[in-house]
Amino acid sequence: MLKLIILITIIITINAKEPISPIPLGIDYDEEKALLGKRLFFDVILSKDKSVSCLSCHNVYDGGADSRDVSLGFENREGNIQSPTVLNARYNFAQFWNGRAENLKEQADGPLNNPNEHNMNPTLVEKRVNNSILYKKDFKKVFHINYIKYEYILDAIVEFEKALTTPNSRFDRYLRSEIKLNKDEKKGYKLFKDYGCITCHNGVNVGGNSFQKIGTFIAYNANVKYPDRSQVTHNEMDKNVFKVPTLRNITKTAPYFHDASAKDLKTALHVMAEHNLGIIMKDEDIEHIIKFLESLNGELPTILDED
């Protein structure tokens, strides 16, 4: 009962003002450095067997995530969690599902050194990039250096990731009073707030700004181990606690959840309603909420059109 009272109080507070903000139309990043980072993001030389790139697990042209349950890395080794989207990651308050990286630089460093992903190390990354005449030329131009250090490689990749925003969704344009939502989107947004989804999915990224437990009312796969928040805090209370994912472009990032168990949005909404709201959500309401979620699909980052 106390949980329900707290939830209702939060909903009332959030609904007092608009809880979602539009993605800014103009963002600050160094275009020249970002384009260099784009080449690195797409380049398989950053994996030990030259089989994968950052793009392999983060398809920036279609949602920014991985359509597979888990990504495949060095020698086709499987990851241990679903790869989240890199689009709009600059607006996340922490990176990775369990928030073990405080910023994009720490996040970029992780996969490069993970034996199941790129299986590299800073020394080998530097050697590979410095062996490229083209990279030497471009790093000289951007960073004014003769030897390419690992930290500059990360810096360039991060600059590209900072450019990966998806503005001008229908909902953003509605927030800026440029258009009106259609009746299904409008009803879906109202239901999204009334059911309490908005308590965790708010802000510019419609998520990505808090850690929450999956299974607040009904336990969710309590015996299955994933790299959750408890692996960072070493606190048993953080079992099954993850960073709330962004809902931006959510219709393009299936499968859903850290375990990729929900293959479509209808399933995902049913599961979240049952386990985190303690209710069975009506199919009709789910269909309207999906209409609202579709309005969060934004434009592809402009840097993807640049060479």
Residue list for region 187-213, filter: touching a residue at least 24 places away in the same chain (Cβ under 8 Å) and either in a helix (DSSP H, G or I) or not assigned by TED's automatic domain parsing to the domain that holds ASP285 (or both): LYS187, GLY188, TYR189, LEU191, PHE192, LYS193, ASP194, CYS197, ILE198, THR199
Out of HIS288, HIS258, sole residue that is touching a residue at least 24 places away in the same chain (Cβ under 8 Å), within 21 Å of SER71 (Cβ to Cβ) and of a type outside the set (D, E, K, R): HIS258
Residue within region 253-266 that is closer than 30 Å to GLY37 by Cα, within 19 Å of the chain's Cα centre (by Cα), of a type in the set (Lys, Arg) and outside the structural domain of ALA94 (by TED's automatic domain parsing) present: no
Qualifying position, being under 14 Å from GLY37 (Cβ atoms) and among the acidic types (Asp, Glu), among GLU102, GLU126, GLU106, GLU159: GLU159
Near pairs, Cβ below 9 angstrom, 6+ apart or cross-chain, from region 74-89 (part of a helix (DSSP H, G or I)) to any residue that is surrounded by fewer than 19 Cβ atoms within 10 Å (Cβ to Cβ) and among the acidic types (Asp, Glu): PHE74/ASP49; GLU75/ASP49
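Considering each of ASP305, ASP283 in turn, give the residue that is more than 30 Å from ASP138 (Cβ to Cβ) and either modelled with pLDDT under 95 or loosely packed, with under 15 Cβ neighbours inside 10 Å (or both). Before you say what the answer is, go through the steps one by one.
Values: ASP305 fails: more than 30 Å from ASP138 (Cβ to Cβ).
Answer to the selection: ASP283.
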Breaking point among (1) surrounded by 18 or more Cβ atoms within 10 Å (Cβ to Cβ); (2) under 28 Å from ALA260 (Cβ atoms), for PRO115: (1)
So ASP184, is it surrounded by fewer than 19 Cβ atoms within 10 Å (Cβ to Cβ), in a helix (DSSP H, G or I) and not assigned by TED's automatic domain parsing to the domain that holds TYR91: yes
Given (1) closer than 30 Å to VAL241 by Cβ; (2) surrounded by fewer than 19 Cβ atoms within 10 Å (Cβ to Cβ); (3) polar (S, T, N, Q), number of the condition ASN88 does not satisfy: (2)
Selected residue (criterion: farthest from the chain's Cα centre (by Cα)) from residues of region 146-176 that are surrounded by fewer than 17 Cβ atoms within 10 Å (Cβ to Cβ) and farther than 21 Å from ASN249 by Cβ: ASN146
Hits in region 245-264 - residues which are in contact with a Phe, Trp or Tyr (Cβ under 7 Å, 6 or more places away or on another chain) and either over 20 Å from ASN80 (Cα atoms) or among the hydrophobic types (A, V, I, L, M, F, W, C) (or both): ALA262
Sole exception among (1) surrounded by fewer than 19 Cβ atoms within 10 Å (Cβ to Cβ); (2) under 27 Å from the mean Cα position of the chain (by Cα); (3) charged (D, E, K, R); (4) over 24 Å from HIS288 (Cα atoms) for LYS136, by number: (2)
Which numbered condition ILE179 misses (of (1) surrounded by fewer than 16 Cβ atoms within 10 Å (Cβ to Cβ); (2) in a helix (DSSP H, G or I)): (2)
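The values are calculated or read from the model by the stated rules, or taken from the named source; none is laboratory data. Because the structure is a prediction, the values reported are computed rather than measured. Neighbour counts are summed over all protein chains in view; Cβ atoms, including those assigned to glycine, are modelled from backbone coordinates with ideal geometry.
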